[in-house]
Amino acid sequence: MGFADFFPKRFDRLSAEPLAATDYPNELELKERALSLLLKEGSITLKAEKICPSPLPRHYRTTGKRRLTVRGRQLFLHFGRTPGKENVALSELEPESHGKIYLDLYKLLSEPRNRAAAEVMNYCIIRGSYTEHAVIFNVKRLSGEIVRCLKFIADGVVRSNPVVKSVFLYLDEKGSDYYLEAERPVKAVAFKKLYGPEHLALQLDGQKYLYSPTSFSQINESILPDFLNILRQEIASEGAESLLDLYCGYGLWSLALAEHFQKIYGLELAAESIKSARSNATFHYPSKNISFDCGFIDGELLRGKLPPPGGEKERILLDPPRKGCAPGVTEYLISRKPGRILHLFCGADEIVPALKVYEANNCKVEKLLPFDFFPGSMNIELLAVIRCGGKRTEKRRK
């Protein structure tokens, strides 16, 4: 059973915001019960601690997306694959400024002179922070006429929404279900700035981090300070010298923890994110031993890329995507015998299988710390604190 299956059946699992109408204290109780049942079903005996609540239980999402559908003369900006009754779907989970931007985009895209842009639009996306937004047009085709329309729309939305600081277009010829493709099209015009700065910015713990509009960034800005405080307590213990940050993105967590380590090595698949991580490291810690590298993270790559094991003085931070780590990753990291591994689960359904791998390799899962990164949804993030002492369980070769 998946995590969502432990919620009462009255909640629509296909809804974009299934718990948005629920009182937040009740929502937290439902999530704690679902997590407890998930762990029990998976024979995990260690109990999770109380969920760390989100300071903003609603209107917290810094990323929003709407699919655009054209039906005759009507346009719909909606969640999911099919439009609802409203022409513009508004959200209880996104900032109110998102709603105004989407309403303005709807009016602009509905104008006859912008029809060419509307007919090729896959998604309208809003990213950024609570104070500065970027709009991204995901389109399936490009032409001179379409670019002219998009520039006109960009000018209109910026003039009516001062919070919009940048506008981009992104070519997604496949019309994929994701608002940004995992693999960018091999064309020079795949991503183009129409207005404003080229990078987005996030403020955390008094420092500003810049990142590419195509890079992954946490969508709940309000909970990041609380999470960083816990992360610092659990990973920056006495005697720690080196930090391995896998799936490091643009270096947010490792750079926020940099003062506690002598050496930092980060690894990430997305080249744009690594470019941002290197720039952030150079700006904030120009003389510190920090390096970031790019590659698909699997067991084979880790053996060839990572620095020599640091033993008890080494800490490892894992923040993989929702689908979890590739085969062999966890086992190799355990073989390094670090002082501590902190594994952050974005998808709750990956928690039990991964914890079984740690247990099978003689690791001790000391704490399960859940965080409500996604209020209003049937998901949480969970930080597992793991010690890797003792001999590793291995199968003998014949």
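Only the coordinates and a few stated rules stand behind these numbers; no lab work does. Source: prediction; values computed, not measured. No Cβ is skipped: glycine too gets one built from the backbone with ideal geometry, and neighbour counts run over all protein chains shown.
Within a 10 angstrom radius of the beta carbon, how do V352, V164 rank from fewest other beta carbons to most?
Lowest to highest Cβ neighbour count: V352, V164.
Using a cut-off of 22 Å between alpha-carbon atoms, which lysines can reach K9, once sequence neighbours fewer than 8 places away in the same chain are excluded?
Within reach: K31, K40.
Just G266, G339, G84 to compare: in a GNM of the chain, with alpha carbon springs under 10 Å, which one fluctuates most?
Its mean-square fluctuation being the largest, the pick is G84.
What's the angle, to the nearest 10 degrees (0 to 90), between helix 24-41's Cα axis and the longest principal axis of the chain?
Between the helix axis and the principal axis of the chain, the angle is about 50 degrees.
Extending each Cα 7 Å along its Cβ direction at H284 and R141, get the distance between those two points in nm, one decimal.
It is 4.4 nm.
In region 225-319, which chymotrypsin sites (Phe, Trp or Tyr not before Pro) are in a loop and have at most 12 other Cβ atoms within 10 Å, using DSSP for the loop call?
F296
Among P320, F371, Y285, whose Cα projects farthest towards the positive end of the dipole of the chain, with charges put on the beta-carbon of Lys, Arg (+1) and Asp, Glu (-1)?
Towards the positive end, the residue furthest out is P320.
If I model a spin label at R81 and R58 as a point 7 Å from the Cα along the Cα→Cβ vector, what separation in nanometres do I get?
It is 3.0 nm.
Extension gain V70-S291, at 0.36 nm per residue separation less the Cα-Cα distance, in nm?
Contour length minus the Cα-Cα distance gives 74.9 nm.
In whole Å, how far is the Cα centre of region 285-324 from that of region 105-141?
37 Å
What is the dipole size for the chain, taken about its Cα centre, with +1 at each Lys and Arg Cβ and -1 at each Asp and Glu Cβ, in debye to the nearest 20?
The calculation lands at about 960 debye.
Express in nm, to one decimal, how much length is gained between R232 and E173 on full extension, taking 0.36 nm for each residue of separation and deducting their alpha carbon distance.
17.0 nm
Return the loop-located trypsin sites (Lys or Arg not before Pro) in region 298-377 (DSSP other than H, G, I, E, B) with at most 16 other Cβ atoms within 10 Å of their own Cβ; answer none if there are none.
Those that pass, being in a loop and sparsely packed, are R322, K323.
Rounded to the nearest 0.05, what FRET efficiency do H260 and Y195 give with R0 = 41 Å and r taken as the Cβ-Cβ distance? Could you check?
0.55
Computed FRET efficiency, Cβ-Cβ of E300 and S110, R0 56 Å: what is it to the nearest 0.05?
0.60
Using only Cα atoms, find the angle between the long axis of helix 271-284 and the longest principal axis of the chain, and express it within 0 to 90 degrees, rounded to the nearest 10.
Once rounded, one gets 70 degrees.
What residue among F371, F345, F216 has the largest mean-square fluctuation in a Gaussian network model of the chain, using Cα springs under 10 Å?
F216
When the chain is modelled as a GNM with alpha-carbon springs shorter than 10 Å, which of E381, E272, E41 fluctuates the most?
Most flexible of the set in this elastic network: E41.
Work out the FRET efficiency for T22 and T45 from their Cβ-Cβ distance, taking R0 = 35 Å, and round it to the nearest 0.05.
Using R0 = 35 Å, I get an efficiency of 0.75.
At a 10 Å Cβ-Cβ cut-off, how would you order S15, S54, S254, fewest neighbours first?
S15, S54, S254
For region 64-201, rounded, prolate or oblate, judged on the Cα gyration tensor with a ≥ b ≥ c (square roots of eigenvalues), a/c < 1.5 rounded, else prolate if a/b > b/c?
Rounded is the answer for region 64-201, as its axis ratio a/c remains below 1.5.
For the chain, list log₁₀ I(q)/I(0) at each q in 0.09, 0.10, 0.12, 0.13 Å⁻¹, using the Debye formula over Cα point scatterers of equal strength and ignoring solvent, two decimals each.
-0.58, -0.72, -1.01, -1.16
Could you pull out the pairs from K288/K337; K275/K367; K208/K364; K107/K192; K275/K323 whose alpha carbons sit more than 32 Å apart here?
K275/K367; K208/K364, as the Cα separations exceed 32 Å there.
Once both axes come from the Cα atoms, what is the angle between helix 224-235 and the longest principal axis of the chain, in degrees from 0 to 90, rounded to 10?
The answer is roughly 20 degrees.
Taking the Cα centre of region 182-305 as origin and charging only Cβ (+1 Lys, Arg; -1 Asp, Glu), how large is the dipole, in debye to the nearest 20?
That gives a dipole near 600 debye.
With the crude spin-label approximation of a point 7 Å out along Cα→Cβ, what separation in nm comes out for R322 versus D12?
1.8 nm
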